[in-house]
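Structure first, then comments.
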Amino acid sequence: MSGQKAVQNGKAFESKIFAVLNQLPSVNVIKDIPYPSIYSAYSTKHKTKMEFRAENISLTFETLDAYGNKVMKTRLFKTLNIECKYQEDSGTTDEKYPLVYENALISDAEATLFVYEDPLKNIKRGALEFMYDKALNSGERLIVMDFDCFLANVNKQYSMSLAPDVLDQGSELFQVYHLGLKALESLSRKRFNGVIRTNNQCSEFFDEYLHCQRDFHNFVARHGVQSRDYIPYLEQLRSLRANISTYF
């Protein structure tokens, strides 16, 4: 898989997570929240952002009791960082898992939820076993779930009926019609990032573009795609992409 395709799949997976979180009653969701990393102690220039933070969210997960026995526990988290990882090929994504674990231990949130999707079973089995074992022995600082488990968990906790196939429809539609900022693919990432940093208007358009992308997935998760009422979202995304392109 190309690097660009991997990024697209990762963003689509994040959008599915966001679509689910956005529908949980009384749960506040914040995106791109800064958090301390184990590297921060060695460099003030090292800055890290978590995909999402959910406030006041309930989850049921496996942990250890006072005697070291495995038990299921339901807990309300006032602050929960959420790390999303999608892996479709045998790349190096799973080599970053120890960093996720180490960062979870020093996080300013009550815990970190690691949600992954592995459709072709290409994550190294040892990597997953490592994460589940570390989560179990982390003192509830790290929780690990695959996407189906996460979805079933919130469906049960909040008496909902979100379906994986509907959420996948949203991701598929987005990838078919909006493969990122396609008009900008020929531009270097360095140049694009430079414009985003120095031009406030372009940066605002880009933030709006990402927000619209997630709203689109949220709409599809709620209503499906049969009525084609999602078309206005696609039109808005095209318009925002055109606006961004004018700055290059």
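Report those strands (runs of 3 or more DSSP E) wholly inside the stretch 18-86 carrying at least 2 residues which are open to solvent by less than 60 Å² (accessible area, probe 1.4 Å), charged (D, E, K, R) and at negative phi.
Result: 48-55, 80-86.
Scan the stretch 196-203 and give yes if some residue there is part of a helix (DSSP H, G or I), at pLDDT 80 or above and surrounded by 13 or more Cβ atoms within 10 Å (Cβ to Cβ), otherwise no.
Checking the stretch 196-203: at least one residue is part of a helix (DSSP H, G or I), at pLDDT 80 or above and surrounded by 13 or more Cβ atoms within 10 Å (Cβ to Cβ).
Scan the stretch 118-127 for residues that are under 18 Å from the mean Cα position of the chain (by Cα) and at pLDDT 90 or above and report the count.
Within the stretch 118-127, residues that are under 18 Å from the mean Cα position of the chain (by Cα) and at pLDDT 90 or above number 0.
Of all residues in the stretch 211-241, which are surrounded by 17 or more Cβ atoms within 10 Å (Cβ to Cβ) and touching a strand residue (DSSP E or B) at 6+ places or on another chain (Cβ under 9 Å)?
Residue satisfying the conditions is 214 alone.
The values are calculated or read from the model by the stated rules, or taken from the named source; none is laboratory data. What you see is a predicted model, and the numbers here were worked out from it, not measured in a lab. Reconstructed Cβ throughout: ideal geometry from the backbone, glycine too, with neighbour counts over all protein chains shown. Just the protein is used for accessible areas: all its heavy atoms, side chains included, with ligands, DNA and RNA removed. Shrake-Rupley method; radii C 1.70, N 1.55, O 1.52, S 1.80 Å.
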